[in-house]
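S.K.: Sharing a structure here in structure tokens format.
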Amino acid sequence: MLDDRYKLAFKLYPYERNSDQGSSTPVRHPVVVMGGGPVGVATALDLGLQGIPVVVLDDHEGIGMGSRAICFAKRTLEIADRYGCSAPMLDKGIVWNLGKVFHDDRKVFEFNLLPEHGHKFPAFINLQQPYFEKFVVERVREAQAQGAPIELRGKNRVDAVEVKEDHVLLSIMTPEGPYQIEADWLIGADGASSPLRSMMNLDFEGRVFQDSFLIADIKMNGANFPTERWFWFEPWFKSGASTLLHKQPDDVWRIDFQIGWDVDRKEELKEENIRKRIDAMLGDGIDYEMVWSSIYTFQCRRMKQFRHGRVLFAGDAAHQVSPFGARGANSGLQDVDNLGWKLGLVINGKAPDRLLDTYHEERAYGADENIRNSTRSTDFITPKSKTSHIFRNAVLDLAEHYAFARPLVNSGRLSLPCVYDGLSLNGPDALQGGPDRTRVGSPCPDAPLGAGYLLEKLGNEFVLLTIDADAPEIGEIDSVPVRRLSVSASDDPSGELAKRYLGSSQTGVYLIRPDQHVAARWASFDMAATVSALRTAIGKA
């Protein structure tokens, strides 16, 4: 039932003997990453582009089977753009901004996730995870050719770890036998079942939802569905308690059926039984091929701590949420974006070790927000009592006719980057009349700027963004590079730059972190305030 297109990159990093295997003593590496999925490889790319040597260890030799994650959010594309691999993703992906919600056979309402103009990227693309991984690995290969010190080691299974005070010892098994290496820092990006987490006797805290969902990816030619996200509550075709439909590349469509908790999974996964559900939904005359299928349950859980000394966890290894809302892979890439610059500064001696504690502080805050939203989505989609079911359907009935009820409908609130409100790296928010959306702690929204866009000009370093305000070239603060980017509101005739960054103020000065979150902002430049804010942002305050 697996289509060959999902095998196209299975051996992206085939096993090769490495020099460490012939060493009589374990070789020490600055960073080792466990897990060659999108989070692990993106972590290696982030660090490698900073010139930091990193080794990725994976038990396989490339991507896993099945389409798995398919919805990649605007923020993920913006991160990928800084890494240099967004273009093929956008070219291959299916762009969508519009979603529709149905109840039985009626359309309740529709929504546009990105109604405003002036953004380089759409709200979402649909792209099978194997393609996403392939494009990231291809970018790693380009970076390697340009001198980035990144190694991808396939068929290198980590069997044991021993965490020391200043490093980690890893025991690895390969087709040629075992060997050991040491790591100054070990990053666990080895997925929801995380062998590393088990080796360290660590676990998740949270909730498992008692419901089952059947995924069916099918290839349809000439299907009469638009490129939108369609969600049915209690669909008229009776194939499940709820159903989700959206399009992927290669004429492949993802269908999600809510099938209940007490089901025989083996029976449900038989092709003839999957086809019964699909045929009831699509009707007669639609020809399709089965591409991939799976059954999953919801879990909303996370580790108590993402940092354990010299070991840090990211992505599904650190936290899990339900697929509705597309928060899994997208939040994992935000973990990478948060961890990469902090670890780079610490390794290069430009920030104290305690900066890495804020990786847990900020990303656990983000995980809790995702878990909260994902739990609310799941409770709305799968009401667990007669009363909650009545309430849910009453909301749907009202939403069909009254706009005030539509925000209450929750078919999977879609992934947005977290605002780090009130956390320890935030500096002063002293821009009187500044817009709320660019308050301190927030991710920078894109905006038109000249012939391009703001975010692509910010890059991946600390930036002092001045808008119609004077400021000198700083160069460095405490040996941390700070680049000045001076722009004018007049550089964007549409007015969106001023609307998003100035509000009612005539001028603005922003200190922006390498992950493009706002560290501090003022109406005018002040050197002492900027130095203080930068020190706060790197954990030196």
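S.K.: Going through the range 337-368 one residue at a time, which ones are closer than 30 Å to residue 240 by Cα and surrounded by fewer than 17 Cβ atoms within 10 Å (Cβ to Cβ)?
M.R.: 368
Residues are listed down the side, and each one gets a yes or a no for (1) in contact with an Asp or Glu (Cβ under 8 Å, 6 or more places away or on another chain); (2) buried (at least 16 other Cβ atoms within 10 Å of the Cβ); (3) within 28 Å of residue 320 (Cα to Cα); (4) among the hydrophobic types (A, V, I, L, M, F, W, C):
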| residue | (1), (2), (3), (4) |
| --- | --- |
| 143 | no, yes, no, yes |
| 160 | no, no, yes, yes |
| 169 | yes, yes, yes, yes |
| 203 | no, no, yes, no |
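S.K.: Can you work out which of the residues in the range 316-349 that are assigned to a loop (DSSP other than H, G, I, E, B) and modelled with pLDDT of 95 or more is farthest from residue 214 (Cα to Cα)? Even if it seems obvious, please write down each step before you answer.
M.R.: Initially, the range 316-349 is screened for residues assigned to a loop (DSSP other than H, G, I, E, B), giving 318, 321-327, 348-349.
Now narrow it down to the ones that are modelled with pLDDT of 95 or more: 318, 348-349.
Values: 318: 25, 348: 47, 349: 49 Å.
Per the stated criteria, the residue is 349.
S.K.: Considering only the range 447-479, state which residues are among the aliphatic types (A, V, I, L, M) and over 27 Å from the mean Cα position of the chain (by Cα).
M.R.: To start, the set of residues in the range 447-479 that are among the aliphatic types (A, V, I, L, M) comprises 447, 449, 451, 454-455, 458, 463-465, 467, 469, 471, 474, 477.
Within the range 447-479, 451, 467, 469, 471, 474, 477 qualify.
S.K.: Right, next: What is the residue count in the range 195-248 for residues that are within 24 Å of residue 370 (Cα to Cα), part of a loop (DSSP other than H, G, I, E, B) and of a type in the set (Asp, Glu)?
M.R.: The qualifying residues number 3.
S.K.: Moving on. When you scan the range 453-541 for strands (runs of 3 or more DSSP E) that lie fully inside it, which ones turn up with 2 or more residues that are closer than 25 Å to residue 120 by Cα and in contact (Cβ under 8 Å) with a residue 12 or more places away in the chain? Full working, then the answer.
M.R.: Details: elements: 462-467, 475-477, 480-487, 508-512, 518-522.
Result: 462-467, 480-487, 508-512, 518-522.
S.K.: Pairs please, first residue from the range 75-96 and under 21 Å from residue 442 (Cβ atoms), second anywhere and hydroxyl-bearing (Ser, Thr, Tyr) and crowded, with 17+ Cβ neighbours inside 10 Å, Cβ atoms under 6 Å, 6+ apart in sequence or on different chains.
M.R.: 77/86; 80/86
S.K.: For residue 131, only one of the following conditions fails: (1) surrounded by fewer than 17 Cβ atoms within 10 Å (Cβ to Cβ); (2) closer than 19 Å to residue 41 by Cβ; (3) not aliphatic (A, V, I, L, M). What is its number?
M.R.: If we test residue 131 against (1) surrounded by fewer than 17 Cβ atoms within 10 Å (Cβ to Cβ); (2) closer than 19 Å to residue 41 by Cβ; (3) not aliphatic (A, V, I, L, M), just (1) comes out false.
S.K.: Within the range 394-421, count every residue that is surrounded by 15 or more Cβ atoms within 10 Å (Cβ to Cβ), over 29 Å from the mean Cα position of the chain (by Cα) and not β-branched (Val, Ile, Thr). Steps first, answer last, please.
M.R.: First, pick out the residues of the range 394-421 that are surrounded by 15 or more Cβ atoms within 10 Å (Cβ to Cβ): 395-396, 398-400, 405-406, 409-420.
Adding the requirement that they be over 29 Å from the mean Cα position of the chain (by Cα) leaves 395-396, 398-400, 405.
Okay, now just the ones that are also not β-branched (Val, Ile, Thr), so 396, 398-400, 405.
Qualifying residue count, the range 394-421: 5.
S.K.: I would also like to ask the following. Is it true that residue 406 is closer than 30 Å to residue 499 by Cβ, of a type in the set (Lys, Arg), in contact with a helix residue (DSSP H, G or I) (Cβ under 8 Å, 6 or more places away or on another chain) and modelled with pLDDT under 95? Walk me through it before giving the result.
M.R.: Numbers: closer than 30 Å to residue 499 by Cβ: yes; of a type in the set (Lys, Arg): yes; in contact with a helix residue (DSSP H, G or I) (Cβ under 8 Å, 6 or more places away or on another chain): yes; modelled with pLDDT under 95: yes.
Judged against the criteria, residue 406 is a match.
S.K.: Output the number of residues of the range 237-277 satisfying the condition of being aromatic (Phe, Trp, Tyr), more than 18 Å from residue 322 (Cα to Cα) and touching a residue at least 40 places away in the same chain (Cβ under 8 Å). Reasoning before the result, please.
M.R.: Here is the first cut: in the range 237-277, the residues aromatic (Phe, Trp, Tyr) are 237, 253, 257, 261.
Next cut, more than 18 Å from residue 322 (Cα to Cα) only: 237, 253.
Now drop any that are not touching a residue at least 40 places away in the same chain (Cβ under 8 Å), which leaves 237.
So the count comes out to 1.
S.K.: Being assigned to a helix (DSSP H, G or I), buried (at least 19 other Cβ atoms within 10 Å of the Cβ) and not small (Gly, Ala, Ser) is the filter here, so list the residues in the range 259-315 that pass it. Step through it out loud before you land on a result.
M.R.: We begin by selecting, within the range 259-315, every residue assigned to a helix (DSSP H, G or I); these are 265-268, 271-282, 315.
When the remaining residues are screened for being buried (at least 19 other Cβ atoms within 10 Å of the Cβ), the result is 274, 277-278, 281-282, 315.
Once the filter is applied, which keeps residues that are assigned to a helix (DSSP H, G or I), buried (at least 19 other Cβ atoms within 10 Å of the Cβ) and not small (Gly, Ala, Ser), the range 259-315 yields 274, 277, 278, 281, 282.
S.K.: Additional query: Taking the conditions exactly as written (buried (at least 19 other Cβ atoms within 10 Å of the Cβ) and modelled with pLDDT under 95), does residue 111 satisfy them or not? First the steps, then the outcome.
M.R.: Working: buried (at least 19 other Cβ atoms within 10 Å of the Cβ): no; modelled with pLDDT under 95: yes.
Considered against the rule, which asks whether it is buried (at least 19 other Cβ atoms within 10 Å of the Cβ) and modelled with pLDDT under 95, residue 111 comes out as no.
S.K.: Return yes or no: is residue 386 surrounded by fewer than 21 Cβ atoms within 10 Å (Cβ to Cβ) and more than 18 Å from residue 31 (Cβ to Cβ)? Full working, then the answer.
M.R.: Working: surrounded by fewer than 21 Cβ atoms within 10 Å (Cβ to Cβ): yes; more than 18 Å from residue 31 (Cβ to Cβ): yes.
So residue 386 fits the description; yes.
S.K.: Would you mention how many residues in the range 402-445 are in a loop (DSSP other than H, G, I, E, B), among the hydrophobic types (A, V, I, L, M, F, W, C) and over 24 Å from residue 96 (Cβ atoms)?
M.R.: Let us first name the residues in the range 402-445 that are in a loop (DSSP other than H, G, I, E, B), namely 402, 409-428, 431-435, 439-442, 444-445.
Applying the additional criterion that residues be among the hydrophobic types (A, V, I, L, M, F, W, C) yields 409, 414, 416, 418-419, 423, 425, 431, 440, 444.
Remaining after also requiring over 24 Å from residue 96 (Cβ atoms): 419, 423, 425, 431, 440.
Total meeting the criteria: 5.
For (1) within 16 Å of residue 342 (Cα to Cα); (2) part of a helix (DSSP H, G or I); (3) among the basic types (Lys, Arg), each residue gets a yes or a no:
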| position | (1), (2), (3) |
| --- | --- |
| 25 | no, no, no |
| 41 | no, yes, no |
| 52 | yes, no, no |
| 60 | no, no, no |
| 63 | no, no, no |
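S.K.: Now, a different point. Going by what's in this entry, would residue 363 be described as at pLDDT 90 or above, closer than 21 Å to residue 107 by Cβ and part of a helix (DSSP H, G or I)? Break it down stepwise before answering.
M.R.: Details: at pLDDT 90 or above: yes; closer than 21 Å to residue 107 by Cβ: no; part of a helix (DSSP H, G or I): yes.
The answer is no for residue 363.
S.K.: Another one. Can you name the number of the only condition in (1) surrounded by fewer than 16 Cβ atoms within 10 Å (Cβ to Cβ); (2) closer than 12 Å to residue 511 by Cα; (3) within 27 Å of the chain's Cα centre (by Cα) that residue 424 fails?
M.R.: Evaluating residue 424 over (1) surrounded by fewer than 16 Cβ atoms within 10 Å (Cβ to Cβ); (2) closer than 12 Å to residue 511 by Cα; (3) within 27 Å of the chain's Cα centre (by Cα) leaves (2) as the failure.
S.K.: What do you reckon, is residue 121 within 26 Å of residue 492 (Cα to Cα) and touching a residue at least 40 places away in the same chain (Cβ under 8 Å)? Don't jump to the end; show me each part of the working.
M.R.: Numbers: within 26 Å of residue 492 (Cα to Cα): yes; touching a residue at least 40 places away in the same chain (Cβ under 8 Å): yes.
It is true that residue 121 is within 26 Å of residue 492 (Cα to Cα) and touching a residue at least 40 places away in the same chain (Cβ under 8 Å).
S.K.: Restricted to the range 430-452, and to residues that are crowded, with 16+ Cβ neighbours inside 10 Å and out of contact with any Gly (no Cβ under 8 Å at 6 or more places or on another chain), which residue is farthest from residue 80 (Cα to Cα)? Talk me through it step by step, then tell me what you get.
M.R.: Here is the first cut: in the range 430-452, the residues crowded, with 16+ Cβ neighbours inside 10 Å are 430-431, 434-435, 438, 440-449.
Next, from what is left, pick out any that are out of contact with any Gly (no Cβ under 8 Å at 6 or more places or on another chain): 430, 438, 442-445, 449.
Details: 430: 31, 438: 21, 442: 19, 443: 15, 444: 15, 445: 15, 449: 20 Å.
That would be 430.
S.K.: What tally of residues in the range 96-108 results from selecting those that are hydrophobic (A, V, I, L, M, F, W, C), in contact with a Leu (Cβ under 6 Å, 6 or more places away or on another chain) and surrounded by fewer than 22 Cβ atoms within 10 Å (Cβ to Cβ)? Break it down into steps so the answer makes sense when it comes.
M.R.: Taking the range 96-108 first, the residues hydrophobic (A, V, I, L, M, F, W, C) are 96, 98, 101-102, 108.
Subsequent filtering for residues that are in contact with a Leu (Cβ under 6 Å, 6 or more places away or on another chain) retains 108.
If we keep only those that are surrounded by fewer than 22 Cβ atoms within 10 Å (Cβ to Cβ) as well, we get none.
Residues in the range 96-108 being hydrophobic (A, V, I, L, M, F, W, C), in contact with a Leu (Cβ under 6 Å, 6 or more places away or on another chain) and surrounded by fewer than 22 Cβ atoms within 10 Å (Cβ to Cβ): 0 in total.
The values are calculated or read from the model by the stated rules, or taken from the named source; none is laboratory data. Since the model is a prediction, treat every value here as computed from it, not as a measurement. Here the Cβ is made from the backbone with ideal geometry for all residues, glycine too, and neighbour counts use every protein chain on show.
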